[in-house]
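Note sheet for the following structure.
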Amino acid sequence: MKTKKRRVEYISFYNHTGLEDHFTKMAKKGWLIESISNFYWTYRKIEPKDLHFCVTYYPRASDFDPGPSEEQQTFHDFCAHTGWQLTCTWHQMQVFYNEKENPVPLETDPVMEVETLHKACKKNFLPSYFLLLALGLLMGGYFVARIFADPIGLLSDPSHLMTGTAYVCMAIISITELLSYFLWYAKAKRAAQNGTFVDTPSTAVFQKVIVVIVIAAFAAWVANILLSGNTLLKWIVFLMLGYMVAIFAIVNGIKQGLKKLKASRGLNRALTLAACFILPMVMTALIVNITLNATRSGVLDTEFKEDVTPLNLSDLMDANNEDGLTENRFHETILLGYRVVHQRDSKFSLEGTSSAPDLKYTIVTVKAPFLYDWCKEQMYYEQDETYSDWPVGNRMIYKEQDPAPWGANEVYRLYSEEGWWAYTYLLCYEDQIIEIRFDWEPTAEQMAIVSQKLNP
């Protein structure tokens, strides 16, 4: 029979009325809260019963304390004499339960109750969230700014999309938690003067939504790496996951071990913080060394699986693209796919002649239809930035062309303001936007081949 249950809960540190209700419901189901940590909460199997819970705060407590202070222990003993049994503590939080039908409340002064909770939050809850807010605004703001500057490059890159989403969510949840708390605190202080305590608010539903979004972004990133066919990248993902788990486990193990050894608060804090700084550096150096040795010995394959380019010079003319200068970059997310291919005929490129046939194209596959016009606009006006420093009259702009030879919905060609033209085209299909650049005038037959190969 299962006697322990571990759960991830989404109840804020300061939401003591929500915590009391939650613990009461769990006890009715036969589960008594036993311990609370940063990662999960542990419940102990009991006979289902109606229990009363009281969550109090002791501002002078610390998660680095080896045990309750003398003052705390005196308070715990007093509570026990009145029927309130201590079941667990977490930072400044203390959780008591009482089996009596109508127990005497532990908290009777709303003013003191509100201020005690606020003092506890100033020591633990508020500094943490202000730090997360600063980091989230800094990195999340940079991510949002880059979206407007380069939406295609950013939204098609799984790594950037994952980290950017995480930072934005960090900023949003921090703002929500801090705003919710301070609005409650202002209201609670006024109500306490009239002898009433205002229930603390719950942000549980919002927290769950944010967590689901972050997990989805992370899962998409992992899936993209696993499907890339690159052994080294898969190895990096495995190491990252193990790295994070190991860091949390070791640092928490050091803290808990020192508490069991009855180390002082100051010593525990110093050694734990030292581990937070030293351990990542040591593990990073170790991982890099292992990875380099594995790569050199051939255990890890650094090559990607063969990715066939959809259009080659050899499809358009008698050219050799096997040994020529070739660029083939591709990455995608659930929003966008992005591919850049650049080829030259090897016969000429090796001699360094400028007459070598040259082909370069960029394919943007729009999976989210609402992004189509945005991506098209960026690619259309990208030339304005590229040629912005050219003399007036020589700047390049796109002008509409007949789409029929390309089998496209819309086609644009790059012209100078003076009227001469380049061999660069912007092809707009139903779910693809393609920019293709030749160094010759393409024939109608070659246009048809481009359409067949790039938008089958």
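Bear in mind these aren't lab numbers, they're just calculated from the coordinates by the rules spelled out. Just so it is clear, the model here is predicted, and its values are computed rather than measured. Note that we place each Cβ from the backbone using ideal geometry, even for glycine, and neighbour counts take in every protein chain shown.
Once a ≥ b ≥ c are taken as the square roots of the eigenvalues of the Cα gyration tensor of segment 4-108, is the result rounded (a/c under 1.5), prolate (a/b larger than b/c) or oblate (a/b not larger than b/c)?
Working: a/c = 1.65, a/b = 1.11, b/c = 1.49.
Oblate shape, in that a/c is at least 1.5 and b/c is the bigger or equal ratio.
Look at K119, K2, K255 and count the other Cβ atoms within 10 Å of each Cβ; fewest to most, that gives K2, K119, K255. Considering only A285, L271, T295, whose Cα is most displaced toward the positive end of the charge dipole of segment 231-299, charges sitting on Cβ of Lys, Arg (+1) and Asp, Glu (-1)? Farthest along the dipole direction, towards plus: L271. Between the helical axis of 231-260 and the longest alpha-carbon principal axis of the chain there is an angle of about 20 degrees. Could you name the lysines whose alpha carbon sits less than 22 Å from that of K187, not counting residues in the same chain fewer than 8 places away? Answer for K187, where 22 Å is the Cα cut-off: K119, K122, K123, listed by chain and number. Given the alternatives (1) 1.39; (2) 0.95; (3) 1.05, Cα Rg over 2.2 N^0.38 Å as computed for this entry is given by (1).
Its relative contact order, with pairs defined as Cα atoms under 8 Å and 6+ residues apart, puts the chain at 11 percent.
The long axis of helix 110-123 is offset from the longest Cα principal axis of the chain by roughly 50 degrees.
Residues of the chain were split at every exposed loop site, defined as chymotrypsin sites (Phe, Trp or Tyr not before Pro) in a DSSP loop with at most 11 other C-beta atoms within 10 angstrom, and the longest piece left, sites excluded, is 40-419.
Using only Cα atoms, locate the centre of segment 1-22 and the centre of segment 40-62, then give the distance between them in Å, rounded to an integer. Comparing the Cα centres of segment 1-22 and segment 40-62, I get a distance of 8 Å.
Taking +1 at the Cβ of each Lys and Arg and -1 at the Cβ of each Asp and Glu, which of H76, T89, G140 sits farthest along the dipole of segment 1-154 towards its positive end, judged by Cα position relative to the Cα centre? Result: G140.
Footprinting exposure proxy ranking of E115, E441, fewest other C-beta atoms within 10 angstrom first, gives E441, E115.
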